[in-house]
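Laboratory data are not the source of any read-out in this text; all were calculated from the coordinates shown. Note that the structure is predicted; figures quoted are calculated from it, not measured. Cβ coordinates were reconstructed from backbone atoms using ideal geometry, including for glycine residues, and neighbour counts include every protein chain displayed.
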Amino acid sequence: MGKDVIVACDFSNKSEVIEFLSKFKEEKPYVKIGMELFYSEGPEIVRQIKSMGHKIFLDLKLHDIPNTVMKSMSVLSSLDVDMCNLHAAGTIAMMEAAIKGLTREDGTRPLLIAVTQLTSTSEERMRTDVLIDKPLDEVVIHYAKNAKKAGLDGVVCSPLEASMVHNACGMEFLTVTPGVRFEDGDCGDQVRVTTPEQAKKLGSDYIVVGRPITAASDPVEAYKRCLREFR
Ligand code: C5P
């Protein structure tokens, strides 16, 4: 399981994403669909990309009462996505309900990954805005352990946190890691970045790569380079 490159398709409409994906003739990259594309195009975009032969990580980060999350996850499961996610802050009860909703009659289900603390949240913001006064790392690990307890498959984290998560939750617990840049590439707005090769050494199971592939002059070659460096 794992060791794959997920391409973050952060496009705002269907024609852009389909035009981008049609460049890939032989390879069928794992695709991340985020809120922007899903909210503008609806579930049909998931069906369409799936029918083109891609695996899909649907990044909608659910966080609501357990019953609502359970029913919503059941809908996402019927869309046949391969991976989806939620906020661990929604509690263990919410995460257990999510697993229940995702699990199909035949016992199969998409992978379910938790967001611990968003990388846009600082320790100071946690303390002042949401009254969490523990160190950020401790909160991340506590949330990861809760996710594991609820039966989830892993967490989204920085490659720099991957070994800490594996030490706390086991090597089988997946780390899905954004913040990846080529050695000779532009960092953009990402601050703590690693190369695909470093992410591999640090133990990431899946790297999520957006602009280094989507904005490359040759996206197919950039994707292949990611695979070569990461696997
Ligand atoms: O273009 P780039 O490679 O920076 O894209 C990274 C993707 O991963 C984006 O879709 C971004 O929203 C997502 N992401 C992230 N950092 C997180 C969680 C998700 O960059 N902590």
Note to self: Under 5 Å between amide hydrogens, which residues at least 5 positions from Val115 or on another chain qualify, with H placed 1.01 Å from N in the peptide plane?
What the structure shows: Leu86, His87, Ala88, Val156
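When Lys and Arg each count +1 and Asp and Glu each count -1, what net charge do the other residues less than 9 Å away from Asn85, Cβ to Cβ, add up to?
Values: positive: Lys61; negative: Asp59.
Here the charged neighbours net out to 0.
Evaluate the charge dipole of segment 4-230 about its Cα centre and quote only its size in Debye, nearest 20, assuming +1 on the Cβ of each Lys and Arg and -1 on the Cβ of each Asp and Glu.
In debye, rounded to 20, segment 4-230 gives about 440.
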Margin query: Please give me, ordered by residue number, the trypsin sites (Lys or Arg not before Pro) of segment 1-104 that lie in loop per DSSP and have at most 13 other Cβ atoms within 10 Å.
Written below: Lys3, Lys23, Lys25, Arg104
Item checked: Neighbour cut-off at most 16 other Cβ (10 Å), DSSP loop, GluC sites (Glu not before Pro), segment 149-228 -> Glu172, Glu183
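Which of Lys55/Lys148; Lys100/Lys224; Lys23/Lys145; Lys149/Lys200; Lys25/Lys148 have a Cα-Cα distance over 30 Å?
Lys100/Lys224; Lys23/Lys145; Lys25/Lys148
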Checklist line | Mean-position separation - Cα centroids, segment 74-148 and segment 1-73, in angstrom | finding: 18 Å
Check: Summing +1 for each Lys or Arg and -1 for each Asp or Glu, what net charge is found among the other residues whose Cβ lies under 10 Å from the Cβ of Lys50?
Finding: 0
Notebook entry, point to check: Listing Ser204, Ser22 from the residue with the fewest other Cβ atoms within 10 Å to the one with the most, what is the order?
Noted result: Ser22, Ser204
Next item on the list: Give the long-range amide H neighbours of Val31: residues separated by 5 or more places, or on another chain, with amide H under 5 Å away, using H modelled in the peptide plane at 1.01 Å from N.
Entry: Val7, Lys55, Ile56, Phe57
Item checked: Percentage relative contact order, the chain, counting C-alpha pairs under 8 Å, at least six apart -> 20 percent
Notebook entry, point to check: Across segment 60-71, in residue order, what do the Karplus-derived ³J(HN,Hα) couplings come to in whole Hz, using 6.51 cos²θ - 1.76 cosθ + 1.60 with θ = phi - 60° and x for Gly and Pro?
Noted result: 10, 6, 5, 7, 7, 5, x, 4, 5, 5, 4, 5
